[in-house]
Amino acid sequence: GQAAGTADAAQRTRAPAATDGASPVVRMALPLAPNERIPASVQGALAIAPAGDMLAYVVEDADGSRVMLRRTADLTARVLIDHGVRDLLVSPDGAQLYYREGPEIRRVSLAGGETQRVATPPSTRSNSGLAWGAPDTLLLGTQRGLFAVAVASGTERRVDPEGVLNGARYPVLL
């Protein structure tokens with residue numbers, strides 16, 4: 001029936017444990033309601049926790065956008081943020097979701113709760129992308145260059161004072 005098919009589609013699968021010490025492969029379906037979609041127009045619409053045990057993603061439908069959280073151990077996702085945001089980024093410890101909402105960088109506990117403002121960088125014109133830099137430091141890509149934002153204080157500093165990285169958008173550190 002419908003309920004059985006939905007449960008089957010939502011069930012996660014885990015590959016056999018690797019014998020070479022590597023982490024096991026985890027696969028998980030993201031069943032969306034018939035009227036929901038993951039918007040291609042939202043940058044950073046997906047974020048995977050460093051441990052690979054959860055996924056945060058933006059969905060939208062006729063009622064608007066929201067951020068969903070799906071743990072690999074769960075069959076369904078839950079609403080984490082009840083409106084649309086962009087540039088999702090899970091903290092290195094897997095406890096917080098950082099994101100951009102308008103000119104602000106904000107965070108929320110993955111356990112749920114109130115969102116908190118981390119920073120409102122003055123370099124907010126054409127911001128594009130968040131990544132983790134040094135411990136407790138976010139990298140913010142902008143048309144004006146690459147900026148480091150201290151999570152604790154919200155202070156911002158330009159990473160490239162000479163302006164070499166103008167147009168540094170969507171930073172990624174490997």
Filter segment 20-52 down to residues that are over 24 Å from residue 65 (Cα atoms) and loosely packed, with under 12 Cβ neighbours inside 10 Å and give me whichever is modelled with the highest pLDDT. 27
Restricting to segment 105-126, and then to whatever is modelled with pLDDT of 85 or more and touching an Asp or Glu at 6+ places or on another chain (Cβ under 7 Å), can you tell me which residue is most open to solvent (accessible area, probe 1.4 Å)? 117
Contact list please: Cβ distance under 9 Å, first residue in segment 81-95 and touching a residue at least 40 places away in the same chain (Cβ under 8 Å), second residue surrounded by fewer than 17 Cβ atoms within 10 Å (Cβ to Cβ) and of a type in the set (Ser, Thr, Tyr), pairs at least six apart or on different chains. 87/170
Take the conditions of a type in the set (Val, Ile, Thr) and either buried (at least 16 other Cβ atoms within 10 Å of the Cβ) or at pLDDT below 85 (or both) and apply them to residue 142. Does it pass? yes
Test: residue in segment 159-171 that is surrounded by fewer than 17 Cβ atoms within 10 Å (Cβ to Cβ), in contact with a strand residue (DSSP E or B) (Cβ under 7 Å, 6 or more places away or on another chain), closer than 19 Å to residue 117 by Cβ and at pLDDT 70 or above: no
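The values are calculated or read from the model by the stated rules, or taken from the named source; none is laboratory data. Model, not experiment: these values are computed from the prediction. A quick note on method: Cβ atoms are made from the backbone with ideal geometry, for glycine too, and the neighbour counts reach across all protein chains shown. Ligands, DNA and RNA are excluded from the accessible area calculation, which covers all protein heavy atoms including side chains. Shrake-Rupley method; radii C 1.70, N 1.55, O 1.52, S 1.80 Å.
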